[in-house]
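Below is one structure, written out as structure tokens; comments come after it.
The values are calculated or read from the model by the stated rules, or taken from the named source; none is laboratory data. Because the structure is a prediction, the values reported are computed rather than measured. Cβ coordinates were reconstructed from backbone atoms using ideal geometry, including for glycine residues, and neighbour counts include every protein chain displayed. The area values use the complete protein model at the heavy-atom level, side chains included, leaving out ligands, DNA and RNA. Shrake-Rupley method; radii C 1.70, N 1.55, O 1.52, S 1.80 Å.
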Amino acid sequence: MQHVGNRRTTARLAVLAVAATVLVAGCSDDDGSNDGDEKHRSPQSLSEGYSVRGALAEIPASAVDDDVLVQTADLRAATEAAGLDVPTDGSREATSPWLSGLTDASSESPTPVFVPFGESFNLQAAAPEEFAELLGWSVLDVDSFVELSVPPGRFAVVTGDFDDDTLSSDLTEVGDGVVTDVEGEDFENHLDAVNAANRLGVPTRLARQGDHIALSPSTPAVESWLEGGDSLADDDSLAAVADALDDEGAISAVLTRVEGGADPASAVLGSQASPEQLEALNEQLEGSVPEDPFDAVGIGWSVDDGEAEVHVAYHFDSTDAARDGAEVLEKTYREGTSSVSRTPYSDYLDVEDVDADGPVVTVTVTPAEQGRTSFLYQALQQRELLFVSR
């Protein structure tokens with residue numbers, strides 16, 4: 001393992017007695033290529049305790065298209081880390097402070113952890129009590145969750161104290177073990193049937209296995225989950241990123257594939273920029289984006305002695321590429337400027353550590369004086385320079 005920058009001496013928070021999962025793929029040979037190694041372990045599932053790798057194992061490979069955005073969290077651990085309690089009342093009034101405290105939405109100091117809630121809970125449109133009245137459970141009953149957030153093919157799995165009586169008896173069976181809140185075709189809008197689960201009245205298909213519930217607008221995705229088989233945990237790049245975040249004790253995370261071949265200036269300025277503007281900015285950005293591409297990135301949030309830590313893991317094609325990329329990434333994090341706010345990244349975050357371990361680079365930061373725990377999540381959404389791959 002190569003260390004770039006100053007290593008924190010404070011021990012990392014261990015997450016809920018979950019063993020660190022599968023290591024980043026592969027030993028490398030002399031030319032730095034990745035050929036797989038004995039450290040690789042079988043993926044967990046969320047049944048074995050929370051891990052980011054285990055969350056990936058809940059998403060059937062058949063539910064995935066080219067685009068991937070995974071959002072996941074150990075909701076109970078995040079609630080505890082934020083010094084909060086899960087509300088017993090599902091009204092908006094009772095749940096808003098809890099949700100704000102987990103999403104860094106407060107105007108006060110940053111929260112020590114950030115939870116990237118997916119769309120499946122429909123929190124923007126309905127109170128948890130309304131959701132529970134329709135489906136039999138709500139986010140307040142969830143211990144952990146994972147969501148593949150690529151509309152319209154959204155797919156989520158939640159864990160909790162669920163049993164045979166959890167799903168509402170008013171739901172209609174549409175297949176072996178699969179029920180729905182609205183009758184109709186997959187992904188079909190039913191504006192006359194808008195409810196607490198979907199703002200457009202799109203049917204929500206649900207199934208339960210043990211203490212897990214899957215939900216999606218896709219019947220085949222839920223059926224595939226029931227059947228088992230290949231999952232996103234079998235994607236080498238995403239799995240390597242997940243492993244790195246688990247090694248850091250992440251209790252919430254966002255992972256995505258990254259399309260390479262980007263021109264850094266085009267990524268920053270967009271398609272409307274002139275050739276002259278692009279050329280000038282590319283000169284300014286020289287040395288700010290790794291020369292070798294990375295194909296997956298994950299952001300994980302953990303807590304160390306009550307303080308927020310954010311870890312960003314990048315997967316490269318080889319150990320050599322990761323080693324070179326680590327130096328560039330450290331420079332960009334320390335000296336780069338936000339393309340959105342035109343403010344130095346150092347105003348938002350403090351770099352604590354940059355590690356190159358095999359083909360994965362992990363950057364650990366803490367919020368700076370002007371920063372928030374959610375800053376890098378927003379930077380990923382806005383495709384800031386930190387997430388541009390050549």
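What about Ala82, is it buried (at least 20 other Cβ atoms within 10 Å of the Cβ) and under 16 Å from the mean Cα position of the chain (by Cα)?
Working: buried (at least 20 other Cβ atoms within 10 Å of the Cβ): yes; under 16 Å from the mean Cα position of the chain (by Cα): no.
No; evaluated as a whole, the condition is false for this residue.
Could you list, in sequence order, all residues of region 325-358 that are open to solvent by 50 Å² or more (accessible area, probe 1.4 Å), closer than 21 Å to Asp304 by Cα and part of a strand (DSSP E or B)?
Asp350
Take region 359-386 and flag every residue that is aliphatic (A, V, I, L, M) and either buried (at least 21 other Cβ atoms within 10 Å of the Cβ) or within 16 Å of Phe294 (Cα to Cα) (or both).
Those that are aliphatic (A, V, I, L, M) and either buried (at least 21 other Cβ atoms within 10 Å of the Cβ) or within 16 Å of Phe294 (Cα to Cα) (or both): Val360, Val361, Val363, Val365, Leu376, Ala379, Leu380, Leu385, Leu386.
Output the number of residues of region 339-359 satisfying the condition of being out of contact with any Leu (no Cβ under 8 Å at 6 or more places or on another chain), among the small types (Gly, Ala, Ser), farther than 22 Å from Asp320 by Cα and touching a residue at least 12 places away in the same chain (Cβ under 8 Å).
1
Would you confirm, using the coordinates I've provided, whether Thr111 is among the polar types (S, T, N, Q) and farther than 30 Å from Glu248 by Cα?
no
Which ones in region 89-113 are part of a loop (DSSP other than H, G, I, E, B), at pLDDT below 95 and on the phi < 0 side of the Ramachandran plot?
If the condition is that a residue be part of a loop (DSSP other than H, G, I, E, B), at pLDDT below 95 and on the phi < 0 side of the Ramachandran plot, then Thr103, Ala105, Ser106, Ser107, Glu108, Ser109, Pro110, Thr111, Pro112, Val113 are the ones that fit.
Thr111: touching a residue at least 12 places away in the same chain (Cβ under 8 Å), open to solvent by 40 Å² or more (accessible area, probe 1.4 Å) and hydroxyl-bearing (Ser, Thr, Tyr), yes or no?
Against the criterion (touching a residue at least 12 places away in the same chain (Cβ under 8 Å), open to solvent by 40 Å² or more (accessible area, probe 1.4 Å) and hydroxyl-bearing (Ser, Thr, Tyr)), Thr111 does not qualify.
What about Ser96, is it within 30 Å of Glu223 (Cβ to Cβ) and either surrounded by fewer than 24 Cβ atoms within 10 Å (Cβ to Cβ) or touching a residue at least 12 places away in the same chain (Cβ under 8 Å) (or both)? First the steps, then the outcome.
Working: within 30 Å of Glu223 (Cβ to Cβ): no; either surrounded by fewer than 24 Cβ atoms within 10 Å (Cβ to Cβ) or touching a residue at least 12 places away in the same chain (Cβ under 8 Å) (or both): yes.
Here the answer is no, as Ser96 does not meet what is asked.
May I ask you to list the residues in region 122-139 that are open to solvent by 20 Å² or more (accessible area, probe 1.4 Å) and touching a helix residue (DSSP H, G or I) at 6+ places or on another chain (Cβ under 8 Å)?
Residues of region 122-139 that are open to solvent by 20 Å² or more (accessible area, probe 1.4 Å), as a first pass: 123-125, 129-130, 132-134, 136.
If the condition is that a residue be open to solvent by 20 Å² or more (accessible area, probe 1.4 Å) and touching a helix residue (DSSP H, G or I) at 6+ places or on another chain (Cβ under 8 Å), then Leu123, Ala132 are the ones that fit.
Condition first: more than 24 Å from Arg383 (Cα to Cα), in contact with a helix residue (DSSP H, G or I) (Cβ under 7 Å, 6 or more places away or on another chain) and either of a type in the set (Ser, Thr, Tyr) or open to solvent by less than 10 Å² (accessible area, probe 1.4 Å) (or both). Now tell me which residues in region 223-257 satisfy that.
Ser224, Ser231, Ala233 - these are the residues of region 223-257 that are more than 24 Å from Arg383 (Cα to Cα), in contact with a helix residue (DSSP H, G or I) (Cβ under 7 Å, 6 or more places away or on another chain) and either of a type in the set (Ser, Thr, Tyr) or open to solvent by less than 10 Å² (accessible area, probe 1.4 Å) (or both).
Please name all residue pairs, on different chains or six or more residues apart, with Cβ atoms under 7 Å, provided the first residue is in region 224-244 and is over 21 Å from Val254 (Cα atoms) and the second residue is of a type in the set (Ser, Thr, Tyr).
Hits for this filter: Ser224/Ser62.
When you scan region 163-216 for strands (runs of 3 or more DSSP E) that lie fully inside it, which ones turn up with 2 or more residues that are touching a Phe, Trp or Tyr at 6+ places or on another chain (Cβ under 9 Å)?
Output list reads 205-209, 212-216.
Tell me which residues, restricted to region 186-222, are among the β-branched types (Val, Ile, Thr) and either touching a strand residue (DSSP E or B) at 6+ places or on another chain (Cβ under 8 Å) or surrounded by fewer than 21 Cβ atoms within 10 Å (Cβ to Cβ) (or both).
The initial filter retains those residues of region 186-222 that are among the β-branched types (Val, Ile, Thr), namely 194, 202, 204, 213, 219, 222.
Residues satisfying the conditions are Val194, Thr204, Ile213, Thr219, Val222.
Select from region 48-78 the residues that are in a helix (DSSP H, G or I) and in contact with a helix residue (DSSP H, G or I) (Cβ under 7 Å, 6 or more places away or on another chain) and list them in ascending order.
Of everything in region 48-78, those that are in a helix (DSSP H, G or I) and in contact with a helix residue (DSSP H, G or I) (Cβ under 7 Å, 6 or more places away or on another chain) turn out to be Glu48, Val52, Arg53, Gly54, Ala55, Leu56, Ala61, Ser62, Ala63, Ala78.
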